[in-house]
1. Tally the residues that are within 14 Å of another protein chain (Cβ to nearest Cβ) and either more than 17 Å from residue B:77 (Cα to Cα) or touching a Lys or Arg at 6+ places or on another chain (Cβ under 7 Å) (or both), restricting the search to the stretch B:22-47.
2. Could you please tell me which pairs satisfy a Cβ distance under 7 Å, a separation of 6+ or placement on different chains, a first residue in the stretch A:53-70 that is over 22 Å from residue A:112 (Cβ atoms), and a second residue that is aromatic (Phe, Trp, Tyr)?
3. Within the stretch A:473-503, can you find the residues that are more than 11 Å from chain B (Cβ to nearest Cβ) and crowded, with 24+ Cβ neighbours inside 10 Å?
4. Please specify each residue of the stretch A:239-267 satisfying the condition of being part of a helix (DSSP H, G or I) and more than 20 Å from residue A:464 (Cα to Cα).
5. Residues A:453, A:508: which one is buried (at least 24 other Cβ atoms within 10 Å of the Cβ), away from chain B (no Cβ under 11 Å) and in a loop (DSSP other than H, G, I, E, B)?
6. Taking the stated definitions as given, is residue A:299 outside any loop (DSSP other than H, G, I, E, B) and over 30 Å from residue A:584 (Cβ atoms)?
7. Take the stretch A:364-408 and flag every residue that is aromatic (Phe, Trp, Tyr), in contact with a Leu (Cβ under 9 Å, 6 or more places away or on another chain) and touching a residue at least 60 places away in the same chain (Cβ under 8 Å).
8. Return the residue satisfying two criteria in turn: it lies in the stretch A:557-602 and is crowded, with 19+ Cβ neighbours inside 10 Å, of a type in the set (Gly, Ala, Ser) and under 28 Å from the mean Cα position of the chain (by Cα), and of such residues it is nearest to the other protein chains (Cβ to nearest Cβ).
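The values are calculated or read from the model by the stated rules, or taken from the named source; none is laboratory data. Everything numeric here is computed off the predicted structure, so don't read it as measured data. Positions of Cβ are backbone-derived with ideal geometry, glycine not excepted, and every protein chain shown enters the neighbour counts.
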Amino acid sequence: MGWTGKILRIDLSKGTVKTEPLNMDWADKYLGQRGLASKYLVEEIDPKTDPLGPDNKVIFATGPLTGTCASTGGRYSVITKGPLTGAIACSNSGGYFGAEMKFAGWDMVIVEGAAAKPVYLTIFDDDVQIRDAGDIWGKSVWETDKWIKAAHQDPMIHVATIGVSGENAVLYSCVVNDLHRAAGRSGVGAVLGSKNLKAVAIRGTGGVSVKDPKEFLKATKAGKKVLKDNAVTGQGLPTYGTQVLMNVINEAGAMPTRNGRDVQFESAGDISAEAMAEPRRSDGHPNLLTNQACFGCTIACGRISKIDETHYTVQNKPEYWHASGGLEYEAAWALGSATGVKDLEALTYANFICNEQGLDPISFGATVGAAMELYEDGVITSETTGGIELKFGSAEALTRCVELTGKAEGFGKELGMGSARLTAKYGRPELSMTVKSQEFPAYDPRGIQGMGLTYATSNRGACHLRSYTVASEILGIPEKTDPLATEGKAGLVKAFQDATAAVDSSGLCVFTTFAWTLEDIAPQVDAACKGDWSVEKMLEVGERIWNMERIFNNKAGFTAKDDRLPERLMKDAAKTGPAKGLVATVDKMLPEYYDLRGWTSEGVPTNETLERLAV
Amino acid sequence: MQVKLKLFASLARYLPDGSERNVARLDIAEGTTIWSLLDAHNVPRGSCHLVLVNGIYQGPEARYNALKEGDELAVWPPVAGG
């Protein structure tokens with residue numbers, strides 16, 4: 001019925017593996033993946049627990065549509081208390097790992113405790129083992145993936161693993177699956193590292209049953225037609241990927257540049273989707289080889305790139321000459337615009353290393369941007385950096401930093417703390433472009449006001465994927481709103497947050513929502529899952545999830561004072577573009593947002609709200 | 001008067017010869033509108049989804065307005081990312 005109805009519970013301290021039935025009452029209220037796993041987490045851990053201590057838990061969770069023939073039905077999430085933020089963390093990934101978990105017969109894998117020595121987990125259908133990881137501790141994501149498949153003589157195994165950065169508690173380390181898809185944000189990889197859990201390897205040979213197979217095929221076929229016929233999901237994303245936004249956002253004057261000093265990057269064209277498709281002067285080949293799809297996806301927005309073999313980053317390094325995961329927009333922005341680096345091949349190399357060693361390129365790039373500002377202001381010197389001339393625009397500095405941070409060596413250890421802790425250490429906390437200690441992504445709230453409220457109120461720290469109002473404010477999806485206006489944005493942000501929470505709990509990719517509304521998604525969920533899954537119920541589930549996450553964060557110690565943007569965005573006006581002279585004005589929107597949410601002026605859900613949503 | 005025409009993604013094919021990475025520097029007559037400039041370069045109106053002048057969105061009606069000296073017109077087909 002969409003769900004397998006079974007979960008695995010692994011206690012690494014005791015070395016035990018248990019199975020238990022899925023709580024179907026909770027499934028009816030929280031659907032799956034983000035919502036349902038977050039419900040388990042908030043019920044089972046103390047919100048004040050140390051994210052890197054043994055009392056934190058980490059949950060790998062699928063949605064009811066994961067592993068089905070619904071388009072994009074391959075998503076899974078990693079849910080835990082995040083070490084970068086101290087808030088609830090939920091990082092969502094594609095690839096094939098999530099579907100394989102369903103094929104093996106599991107909705108979720110809950111990992112608790114901590115192993116005394118490095119281990120990895122194998123889940124081969126019902127055969128679940130905690131195994132010694134002595135041979136792969138200290139290895140990269142790519143080496144680990146290869147080693148596990150060889151050790152078990154099965155190339156069909158799908159692996160989710162941490163790199164060396166996760167072992168060394170880099171606070172924005174990821175869990176990477178299928179070599180270059182990642183549960184990327186908030187440092188979920190460091191939580192695995194703290195538990196001495198290197199990897200989870202899964203092979204499943206079963207299938208996924210649905211409530212009404214005929215209706216499900218009808219609903220999913222209709223959904224695929226909508227995606228195919230839509231110009232964005234049918235043509236734009238497969239051809240250009242998310243990177244097509246590089247020029248859009250720059251023209252709109254909302255491109256955070258050089259750690260937010262500017263809102264437009266003069267070299268955006270050099271690192272754009274269009275540039276990736278152009279033949280290089282050096283070897284005549286384009287950076288971009290092809291696109292790629294995750295499990296079951298009919299959009300296929302993924303980028304596969306190959307670095308010029310003569311580029312300084314990979315000369316005499318044939319291990320980086322193969323095709324691999326290329327630049328997506330957020331990565332290209334963080335590694336490029338945020339640092340002022342315009343060398344597309346260097347950015348691609350840095351992106352490869354982020355995948356190889358399991359780093360979130362958004363937080364990494366933004367942290368390098370902050371460090372460059374510290375360096376240019378004379379707060380840190382080449383003595384601090386171990387000889388790196390950490391100037392804005394230096395490709396060499398960027399690529400050296402990614403090598404060091406990936407292995408948590410030298411100055412990379414400091415960069416691995418993230419920009420909030422780094423800038424605080426050197427007495428300049430105002431230079432950290434973060435909310436709740438998480439670096440914000442590729443949209444400057446001075447030029448897209450709704451994204452300011454999005455960042456300020458995101459339950460996992462600054463993030464674009466919790467309410468992507470860029471769709472409306474810039475791209476006109478589903479309808480165009482003025483990016484420089486604040487009126488109406490509180491309602492827009494809330495609507496995006498609730499709908500996205502529901503989609504994130506289904507097993508589907510949020511990128512479908514460039515074409516689908518919940519009117520397209522609810523029939524697919526309803527045909528797969530027990531119960532009555534209307535649009536109204538999906539929205540109620542989304543709102544319930546949002547409030548549950550908020551309550552966890554409040555109990556963890558966050559207050560309304562944490563719903564604020566970096567001082568720079570609120571005091572230093574944009575220098576160029578349509579937003580010239582404007583600052584981000586979240587304070588204007590927050591009271592209305594709290595009111596619409598049914599929260600007090602202190603950002604706390606009222607009893608009436610909690611009763612209405614049955615949180 | 002001088003303006004810049006910027007065509008991105010699949011619309012780049014309509015850029016005139018001599019354009020540099022999605023940008024054409026053009027000398028146009030006073031009174032040339034957004035639509036008339038795009039028509040002159042055979043850009044299909046139905047493909048012009050996101051139309052910005054100096055970074056500011058131009059709705060369907062505004063596309064009949066005349067361009068001014070120094071304006072930068074940037075156009076995309078339906079695109080998204082994130």
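1. Counting residues in the stretch B:22-47 that are within 14 Å of another protein chain (Cβ to nearest Cβ) and either more than 17 Å from residue B:77 (Cα to Cα) or touching a Lys or Arg at 6+ places or on another chain (Cβ under 7 Å) (or both) gives 3.
2. Hits for this filter: A:64/A:3; A:66/A:76; A:67/A:103.
3. A:489, A:493, A:497, A:501, A:502, A:503
4. Filtering the stretch A:239-267 for residues part of a helix (DSSP H, G or I) gives A:239-240, A:242-251.
The one that is part of a helix (DSSP H, G or I) and more than 20 Å from residue A:464 (Cα to Cα): A:239.
5. Numbers: A:453 fails: in a loop (DSSP other than H, G, I, E, B).
Answer to the selection: A:508.
6. Working: outside any loop (DSSP other than H, G, I, E, B): no; over 30 Å from residue A:584 (Cβ atoms): yes.
When the stated conditions are applied, residue A:299 does not pass them.
7. Here is the first cut: in the stretch A:364-408, the residues aromatic (Phe, Trp, Tyr) are A:364, A:375, A:392.
So of that shortlist, the ones also in contact with a Leu (Cβ under 9 Å, 6 or more places away or on another chain) come out as A:364, A:375.
Scanning the stretch A:364-408 gives a single hit, A:364.
8. A:579
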